[in-house]
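Have a look at the structure below, then the notes.
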Amino acid sequence: MEITQNCSLQNLHSFGSNEKANYFASIDSIETIEKGIQWANGKNIPYLILGSGTNVLFTKPFEGLVLKMEIMGIKKIKETASEVFLEVGAGENWHHFVIYCIQKSWGGLENLSFIPGTVGAAPIQNIGAYGVEVKDSIESVTAYDTQVGQIIILENRKCAFAYRTSLFKMEQRRYIIISVQFILQKQPIFRTEYGAIKEVLHQKNNKQHSLEAISNAVIQIRSEKFPDIKKIGNAGSFFKNPTITKELYEALIVKYPKMIAYPITDDTYKIAATWLMEACGWKGVQKENVGCYEKQTLVIVHYNNGPGIEIYNFSEEIIQSVLTKFNILLEREVMIY
Ligand SMILES: Cc1cc2nc3c(=O)[nH]c(=O)nc-3n(C[C@H](O)[C@H](O)[C@H](O)COP(=O)(O)OP(=O)(O)OC[C@H]3O[C@@H](n4cnc5c(N)ncnc54)[C@H](O)[C@@H]3O)c2cc1C
């Protein structure tokens, strides 16, 4: 394992801010993971696992060892009349894997097309889009448990998957995901009920649904909605949609009848973070190098590769304004370092 000193993180994360890490190495096997951890522990410095860096924000230099996940491989474990079981290395590119499944006519992940990142990071925040979450296609996750120094297999029900979170996000430094085991459908159920997908399929006069047609519709929608990470620094949606009590919802809806919300349980409602931000006047706002993307307020964009702390401070202003106006605390979806 080769360890580089004083490494720029600029090309290793999608916000593209110019922070540095004291040390950097790639990990492409269980042995290199163990070596990396031992090395960092020996020096008494922290370590951080990085996939494609599309859900992280560095606000200062990382005074430790960044380990870039590069364990590769897609392996069929078993097959039944209706399902296929695959084991996929954590370093595989997520979108390439989704396209691989579509080409084989295996369904389940097509609505999650074009989400940037690695396979290993997908369970961390239980990636989701267009009515689908990755947890629905995960059988188990294989991880290195740094607390006990062993490889463990966690079945789906033990991963504590929920909206944009999981056991791996809650106990962030404990688990290093090595591979993910997926169950895919040989007779897929097409999930086209999401408004924008329906609309694109209708525009294309696509009456006969297919995995490919759904994936193409998702790619089209996402290309129009999200800025290209190769051109403008961003990490997709910056905040989660907050959940509030029925009591607060009932008080707010009287005052703001246009508020976008939907019930989650008998006692809780989810509110669109975009609506809250726009009601506080954040639509299209830009301050120096940072702003809300004009086509999607929830996406914070970063121009000119300035320092990451600017993005953090901008997001803090948004949080404070929403808290003051609505008494709702926005939570960042992006991981802060
Ligand atoms: C334009 C754009 C659109 C997006 N759209 C969506 C969307 O629709 N839905 C959605 O859910 N997300 C979305 N995201 C967020 C992001 O793509 C996902 O969270 C993705 O899974 C991150 O993958 P990554 O490899 O880049 O993770 P990174 O950003 O590298 O890491 C994210 C976190 O996971 C940890 N981590 C990464 N890999 C491992 C591993 N193998 N083991 C242990 N910890 C690890 C890191 O330490 C970090 O804390 C979007 C991002 C962008 C830029």
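The values are calculated or read from the model by the stated rules, or taken from the named source; none is laboratory data. Every value quoted in this text rests on a predicted model; they were computed, and no experiment measured them. All Cβ positions, glycine included, derive from the backbone under ideal geometry; neighbour counts span all protein chains shown. For accessibility, only protein heavy atoms count, side chains too; no ligands or nucleic acids. Shrake-Rupley method; radii C 1.70, N 1.55, O 1.52, S 1.80 Å.
Overview of results
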read-out	value
Cross-link pairs K158/K186; K75/K158; K158/K225; K78/K158; K135/K230 - those with Cα-Cα distance over 30 Å	K158/K225
Restraint check, K198/K240; K76/K231; K104/K204; K204/K287, Cα-Cα greater than 28 Å	K76/K231; K204/K287
Candidates K35, K104, K135, ranked by Gaussian network fluctuation over the chain, Cα under 10 Å, top entry	K104
Segment 53-76 versus segment 268-337: alpha-carbon centroid distance in Å	24
Test item: Cα-centred dipole of segment 1-108, Lys/Arg +1 and Asp/Glu -1 on Cβ, debye	120
Solvent accessible area, Å² - M170, 1.4 Å probe, full protein context	120
Lys/Arg +1, Asp/Glu -1 at C-beta; the chain dipole; positive extreme among C101, Q5, M335	C101
Sequence of T80, T54 from largest to smallest accessible area, 1.4 Å probe	T80, T54
Centre separation in Å (Cα based) which lies between segment 1-19 and segment 155-188	27
